[in-house]
Amino acid sequence: MKYKLIYISILSLFALFSCQEDMDYTETTSYDEEQIFSSFARTANFVTDIYGRLDYDYGNYGGGMLASASDEADYVWTTSSVHDFYNGSWSPVNAKSAIWNDSYAAIRAVNFYLKASQGRTFEGNKYDQDYEEQFVRFERYQYEVRFLRAYYYFNLVRQYGDVPFTLNVLTAAEANNLPRTSYDEVLQFIVDECDAIVDKLPVSYTNLPDKANNETGRVGKIAVMALKARTLLYWASPLFNKTSDSNLWMQAATASKTVIDACAANNKTLGSYTSLWGTESYSASEAIFMRRIGDSNSLEAANFPIGVEGGKSGNCPTQTLVDAYEMKSTGLAWDEVGSGYSENNPYLDRDPRFAMTIAKNGDEKWPTYNSSPLEIFEGGLNASPIPGATTTGYYLKKYLDASVDLRPNSSNTKRHSWITYRLGEFYLNYADAVFNYLGSADAKDATFTMSAREAVNVIRNRTGVAMPEFPIGMSNTAFLNKYKNERMVELAFEGHRFWDVRRWKEGETFKSISVMKIKKSTQGTLTYTRATKQRSWNDKMYFFPIPDLELRKNSNLTQNTGW
C-alpha cells in the first residue's frame with residue numbers, strides 16, 4: 001500500500017483543496033504533530049484537508065467522466081484516458097489508481113488524527129472568549145473523520161473488492177506489508193462504524209450553540225445513515241453477495257428506509273429535479289451531502305457544444321441513455337407497442353428529465369449566450385465534420401450551468417457542487433433492496449409498508465416530472481427492467497451507472513452503445529438513424545486492477561482475478 005503522507009513525528013499536509021469554502025478554510029504548509037494541535041485553527045485546517053479528498057467526477061479521466069466509461073455517454077476526444085476502460089489499454093500498469101492513492105492518504109490522515117488528537121486541551125486558547133464553543137467543535141471532529149475514513153474504505157471496496165485494511169498509523173515498511181482484507185470484513189467495519197457515530201453528529205449545522213452555526217458542507221447524521229445504506233445495498237448485490245443471502249437485502253432495505261424516514265422527519269423532500277445542480281444546489285431540499293467544488297467554468301468549457309464560443313465538447317450522452325427516457329403520455333419505452341413514439345419527431349412527449357439532462361438538435365439558448373439553435377445534424381454548426389463534435393447526436397446539460405459565459409469579454413464563473421448523497425437515490429435503493437427481499441414489486445410486510453413499486457413511483461411523481469406510475473401486478477422481470485431503466489434516468493451522470501451495472505454483474509451491457517446520426521435534406525427534412533458503437537468488456541473489469549507499483553512494493557498483495 002502506498003503511503004506518502006503523515007509520519008508520526010513530522011508530516012506534510014495534503015495538497016490543499018479549497019472546496020469546503022464555508023468551513024473556515026485557510027492554507028497551511030507543513031507542520032509537525034505539536035503544531036497541528038497548537039491551535040483550533042490549525043486543527044480545523046487539518047480536518048478540512050481530509051474532507052478535501054472527497055471524490056467527484058467532472059472529468060477525472062482525461063476530461064472523461066465515468067459516465068463515458070459506461071453506456072451513458074461517449075467522450076469525443078480520442079486521446080482521453082477514459083477510453084482505456086474499454087479499448088484494451090486498461091491494465092495494472094495503467095491502473096486508474098487515483099482512488100487508491102487518495103483514499104489511503106486520507107485514511108492514514110484519519111488514523112493519525114484519531115491517535116494524535118486524544119487528550120488535547122489547547123491550553124494556549126484557554127482564555128479565548130469562544131474557547132468552549134471551539135472545543136465542542138473540536139470534539140465533534142473525531143466523528144466527522146471516522147465517517148470520512150469509512151467513506152474512503154467504501155470507495156476502495158467498491159473499486160477493488162478485498163483491500164488492505166488498518167486503523168493504525170503505520171510506518172512505510174508496515175504499510176507495504178499489509179495483505180488484503182476480505183470485503184465482507186471491511187464492509188462490516190463500515191456498517192459498525194456508522195452505527196457507532198450516527199448519534200454523535202447533528203442533522204444540521206445551523207442553530208448549533210457553537211461557531212459551526214455558519215458552516216455548511218460538513219458531515220451530518222443523515223449522511224452517516226446514507227453511507228450505511230449504500231454500503232449495505234452494494235453488499236447485498238450479486239457482485240458481493242455470492243451466497244444470495246436474503247438477510248443482506250433485508251438489512252439494505254431497512255437502512256434505506258431509515259434514511260427516507262430521517263429525511264421526512266427533518267423536512268428533506270424531493271423538489272425540482274434541476275435544483276440538484278447550479279449555484280444553490282447544495283441547499284436543494286433533498287440534498288443530504290454535497291461535495292463543494294467552488295466557483296469555476298471549467299466543467300462548462302469542457303462540455304458546452306463545439307461551435308459555441310468557448311465550448312470544447314466532451315461527455316456526450318448516448319442514444320442508449322436517450323432511449324431510457326420513456327414517453328410521458330403512456331409511460332412506455334420508445335420501442336414498446338402503443339408507446340406513441342414517432343421516428344420523425346423522436347423527442348416529442350418524452351420524460352421531462354430528458355430535456356433537463358440532455359441538449360438535442362434544435363435546442364435554443366444552450367447555453368444562454370448562444371444565439372443560434374443547436375445544429376447537430378451532419379454539416380450543422382455543432383456537428384461533424386467539425387473536430388470535437390458530438391459522436392452521439394447529443395450534448396450534456398446536467399451539472400452544467402447555462403448562465404456560465406465563456407466569451408472572452410464577458411466570461412464568468414459559477415459555484416458548483418457534486419451530489420454525494422440525495423434523497424432520490426435512497427427511494428431507488430430501497431426499491432432495489434425490498435424487491436429482492438420480499439420477492440415482488442407489490443410485496444409489503446409489517447416493517448416494509450412501502451412496496452418497491454410505490455417507492456419508484458415517489459420518484460416519478462416528483463416536482464416537474466409526473467411520469468405515469470408503475471402499474472400494479474408487474475412480473476418480476478418487467479419490474480426489474482423498468483426499475484433499472486428508471487435508475488439510469490434519475491441518476492444520470494451522478495456517478496452511479498458505472499458501478500450499478502457492476503454490482504448487478506451485468507457487464508455485458510457495456511459491450512456496445514447506441515448513437516444517433518441526424519441528416520438534413522435540402523428541403524429541410526431531418527432523418528434520424530440509430531447506429532451502434534462496439535466496446536470491449538471482460539468480466540475481470542468488475543473490479544479494477546491492483547496497481548502494479550503497489551504489487552512491486554508489497555509482496556503480500558495479490559492481484560484481482562484476470563489482471
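Please compute the per residue accessible area over the stretch 187-345 with all protein chains in place, 1.4 Å probe, rounded to a whole number of Å².
38 Å²
Return the carbon/sulfur percentage of the accessible area of the chain, one whole number, probe 1.4 Å, all protein chains in place.
48 percent
Mean Kyte-Doolittle of at least -0.5 plus a Cα span of 15 Å or more along the axis: flag which DSSP H helices in the chain meet both, please.
Length and hydropathy pass: 40-51, 98-116, 183-197, 221-236, 246-265, 423-438.
Would you pull out the residues with amide H under 5 Å of GLY294's amide H, same chain only if 5 or more places away, H placed 1.01 Å from N?
Excluding prolines and chain starts, which carry no amide H, the hits are HIS416.
With +1 on each Lys and Arg Cβ and -1 on each Asp and Glu Cβ, and nothing else charged, work out how big the dipole of the chain is about its Cα centre, in Debye to the nearest 20.
My answer is approximately 900 debye.
Using amide H atoms built 1.01 Å from N in the peptide plane, name the residues 5+ places from ASP162, or on other chains, whose amide H lies under 5 Å from its own.
TYR183
Go through LEU148, LEU178 and list them by solvent-accessible area, largest first, probe radius 1.4 Å.
The residues order as LEU178, LEU148, largest area first.
Return the subset of LYS328/LYS505; LYS484/LYS505; LYS365/LYS414 for which the Cα-Cα distance in this structure is over 24 Å, preserving the input order.
As for pairs spanning more than 24 Å Cα to Cα, those are LYS328/LYS505.
Note down the relative contact order for the chain as a percent, whole number, built from C-alpha pairs under 8 angstrom at least six residues apart.
18 percent
Tell me what the chain gives for mean residue ellipticity at 222 nm when only DSSP H runs of n ≥ 4 count, each as -39,500 (n - 2.57), the sum divided by the residue total, rounded to 500 deg cm²/dmol.
Calculated from helices alone, the mean residue ellipticity at 222 nm is -10500 deg cm²/dmol.
When ranked by the protection proxy of mean other Cβ atoms within 10 Å per residue, highest first, what sequence do the peptides 430-438, 246-254, 372-380 form?
Highest mean packing first, the order is 430-438, 246-254, 372-380.
Tabulate in residue order the Karplus-calculated ³J(HN,Hα) for the stretch 54-70, using 6.51 cos²θ - 1.76 cosθ + 1.60 with θ = phi - 60°, rounded to whole Hz; enter x for Gly and Pro.
4, 7, 8, 10, 9, x, 6, 10, x, x, x, 7, 4, 4, 7, 9, 10
Limiting things to C-alpha atoms, what are the Rg and the maximum Cα-Cα separation (Dmax) for the stretch 405-563, in angstroms?
21.7, 69
Which net charge results when you count Lys and Arg as +1 and Asp and Glu as -1 among the other residues whose beta-carbon is under 10 Å from that of ARG146?
Result for the local shell: 0.
How high is the relative contact order of the stretch 97-250, in percent, counting Cα pairs under 8 Å that sit 6 or more residues apart?
That works out to 22 percent.
Which peptide among 291-302, 466-477 comes first, and what is the full order, when sorted by highest mean count of other Cβ atoms within 10 Å?
291-302, 466-477
Pick out, from VAL203, PHE138, MET516, the residue whose Cα sits farthest towards the positive end of the charge dipole of the chain, with +1 on the Cβ of Lys and Arg and -1 on the Cβ of Asp and Glu.
MET516
Give me the number: length gained by fully extending THR532 to SER182, i.e. 0.36 nm times residue separation minus the C-alpha to C-alpha distance, one decimal in nm.
122.1 nm
Any chance you could tell me what percent of the C-alpha pair distances in the chain go past 41 Å?
Every Cα pair in the chain considered, those over 41 Å come to 24 percent.
The values are calculated or read from the model by the stated rules, or taken from the named source; none is laboratory data. This structure is a prediction, so every number in the text was calculated from the model and none was measured. Glycine gets a Cβ as well: all are built from the backbone with ideal geometry, and neighbour counts include every protein chain shown. These accessible areas exclude ligands, DNA and RNA; they are computed on the full protein's heavy atoms, side chains included. Shrake-Rupley method; radii C 1.70, N 1.55, O 1.52, S 1.80 Å.
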